[in-house]
Amino acid sequence: MDIELMINSFPKLLNATLITLKLLSLSLFFGLFIGLGFAILRLSKNTFINKFAYCYSYIFRGTPLLVQIFIIYFGLGQIEYLRSTVLWIVLKEPYWCAIIAFALNTGAYTSEILRSAFQTIKPGLIEAGKSLGLSSKIIFYKIQIPIAIRQSLPAYGNEIILMLKGTSLASTVTLMDLTGVAKYIISTTFKPIEVFIVAGSIYLFMTFLIHNLIKFLEKKYGFQT
Amino acid sequence: MELLSFGKTGWGDELFYATLMTLAVSITAMLIGFFFALIFTPLKLSKYKVLNFIGNFYTTVIRGVPELLVIYLFFFGGSGAIMFVASMFGYYEYIEINAFITGSFAIGIISGAYSTEVFRGAIQSIDKGQFEASKVLGIKKHVQFFKVILPQMLRLAIPNLSNVWQITLKDTSLISVTGLVEIMRQSYIAAGSTRDPLFFYSFAAVLYLLLTYLSMKLINRLEIKYSRGF
């Protein structure tokens with residue numbers, strides 16, 4: 001055990017944790033909107049729209065995240081046309097490519113979570129809203145969405161933790177996040193166990209915080225059915 | 001399409017073998033995972049706090065740490081650990097372990113943590129009366145497990161195990177960082193030499209989709225088989 005290395009690498013790893021957290025929060029933020037959008041499309045009665053949303057979530061949940069990042073980072077740069085558009089400013093940065101890939105990925109999972117939450121809302125609640133003369137817009141925003149969010153909290157908490165682990169793949173496209181820096185230290189010092197313990201503890205600490213935050217939210221906003 | 005032809009000019013045969021490699025690693029990892037689950041599930045269900053702690057420690061740490069970090073630990077630390085053990089027996093030469101073994105072991109440990117949780121949940125959801133009834137009938141402990149508990153457990157565990165299989169299959173793409181030539185690595189090589197990453201990575205995505213689709217079909221059949229009578 002090289003305690004000195006562990007102490008020395010700790011500030012470097014902690015610095016890299018900031019990038020991990022940035023990646024996580026941005027991709028969750030965009031992913032939530034994508035997920036909500038596709039969940040609504042999934043509930044549509046139009047078969048074409050419905051199938052489209054289903055294919056999206058099937059493809060993104062059926063392929064590894066690594067493939068998705070590589071397609072976006074290495075693959076899209078190959079299209080000459082894209083290079084001349086405004087999009088290229090975003091797509092040439094590995095940072096934004098990673099965020100796009102993560103957001104699309106977590107969006108697919110989130111849409112599944114929200115869809116099942118929407119489907120388990122008791123029809124009586126919507127009927128009650130209708131009989132009170134509320135417009136369908138108000139029923140959607142004031143009844144369906146709040147209930148769906150509450151119901152999907154535990155599953156969404158799991159998704160956040162999965163996404164936290166997913167951000168480690170950013171290190172494959174040259175980003176120096178927590179895993180990237182850990183790998184760099186391992187490959188220069190050849191002390192994998194020590195670095196693993198430090199980096200692993202940071203990850204575990206973050207999972208622990210997320211887990212407890214979700215538990216707290218569940219308690220606060222949860223309701224007995 | 002020329003790029004995918006079999007033979008010396010195309011990448012078809014290479015990608016075909018790479019797909020077989022992905023399958024081989026996934027199956028090996030899944031089996032190693034079952035082995036770990038076999039050890040850790042009883043620990044998690046044990047009455048003793050110490051054993052409980054060991055079981056919980058394993059599943060929490062592995063499920064809370066990114067897969068890539070675990071793979072790096074095994075990739076960089078694997079041969080060191082083996083050499084350390086060998087040095088105790090007086091063998092000091094450099095030992096390099098095969099990327100297939102390190103890879104499937106790393107993924108196996110990860111998949112084992114998920115399998116452990118699945119088995120624990122399945123055993124816990126079996127009615128207590130089943131244990132008591134078989135005890136009253138004087139059935140021996142191991143017979144009780146294999147003839148009474150296991151068949152009921154499998155029915156409950158198979159849907160969740162199919163999720164674990166999907167996770168394991170997708171995790172094998174991460175072994176490409178160690179240089180094992182599976183789908184991802186082969187696409188990387190092909191993309192590098194043809195300068196056509198978009199095509200090859202998309203094709204890799206299609207291969208993964210095909211694998212997950214076919215395995216889901218197979219598992220659904222198993223599910224029907226084991227839920228007969230319910």
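The values are calculated or read from the model by the stated rules, or taken from the named source; none is laboratory data. Everything quoted here is computed from the prediction, not taken from an experiment. Note that each Cβ is placed from the backbone with ideal geometry, even for glycine, and that neighbours are counted across all protein chains shown.
Please specify each residue of region B:1-53 satisfying the condition of being among the polar types (S, T, N, Q) and farther than 30 Å from residue B:189 by Cβ. Quick ask: steps written out before the conclusion?
Applying the first criterion (among the polar types (S, T, N, Q)) to region B:1-53 yields B:5, B:9, B:19, B:22, B:26, B:28, B:41, B:46, B:52.
If the condition is that a residue be among the polar types (S, T, N, Q) and farther than 30 Å from residue B:189 by Cβ, then B:41, B:46, B:52 are the ones that fit.
Restricting region B:169-199 to residues that are within 26 Å of residue B:37 (Cα to Cα), within 11 Å of chain A (Cβ to nearest Cβ) and hydroxyl-bearing (Ser, Thr, Tyr), the residue that is surrounded by the fewest Cβ atoms within 10 Å (Cβ to Cβ) is B:173. Annotation: residue B:78 fulfils all but one of (1) out of contact with any Pro (no Cβ under 9 Å at 6 or more places or on another chain); (2) of a type outside the set (Asp, Glu); (3) within 14 Å of chain A (Cβ to nearest Cβ); (4) free of Cβ contacts under 8 Å to residues at least 40 places away in the same chain; the unmet one is (1). With respect to being away from chain B (no Cβ under 14 Å), crowded, with 17+ Cβ neighbours inside 10 Å, within 22 Å of the chain's Cα centre (by Cα) and part of a helix (DSSP H, G or I), residue A:69 falls outside the description.
Residue by residue, here is whether (1) surrounded by 18 or more Cβ atoms within 10 Å (Cβ to Cβ); (2) of a type in the set (Ser, Thr, Tyr); (3) modelled with pLDDT under 85 holds:
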| residue | (1), (2), (3) |
| --- | --- |
| A:100 | yes, no, no |
| A:104 | yes, no, no |
| A:109 | yes, yes, no |
| A:114 | yes, no, no |
| A:117 | yes, no, no |
| A:124 | no, no, no |
| A:138 | no, no, no |
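Scan region B:99-109 and tell me whether some residue there is over 17 Å from the mean Cα position of the chain (by Cα), assigned to a helix (DSSP H, G or I) and hydroxyl-bearing (Ser, Thr, Tyr). No, that holds for no residue. Taking the numbered list (1) in contact with a His (Cβ under 9 Å, 6 or more places away or on another chain); (2) under 27 Å from residue A:50 (Cβ atoms) in turn, residue A:157 passes all entries but (2).
Does any residue in region A:48-65 that is away from chain B (no Cβ under 14 Å) come within less than 9 Å, Cβ to Cβ, of a residue that is β-branched (Val, Ile, Thr) and surrounded by fewer than 19 Cβ atoms within 10 Å (Cβ to Cβ) six or more places away or on a different chain, and which pairs are these? Correct list of pairs: A:53/A:40.
Residues are listed down the side, and each one gets a yes or a no for (1) closer than 26 Å to residue B:59 by Cβ; (2) modelled with pLDDT of 90 or more; (3) charged (D, E, K, R); (4) out of contact with any His (no Cβ under 9 Å at 6 or more places or on another chain):
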position	(1), (2), (3), (4)
A:170	yes, yes, no, yes
A:174	no, no, no, yes
A:178	yes, yes, no, yes
A:196	yes, yes, no, yes
A:201	yes, yes, no, yes
A:209	yes, yes, no, yes
A:220	no, no, yes, yes
A:223	no, no, no, yes
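Scanning region A:180-210 for residues that are facing another protein chain (nearest Cβ under 9 Å), under 20 Å from the mean Cα position of the chain (by Cα) and either in contact (Cβ under 8 Å) with a residue 24 or more places away in the chain or not in a helix (DSSP H, G or I) (or both) yields A:203, A:206, A:207.
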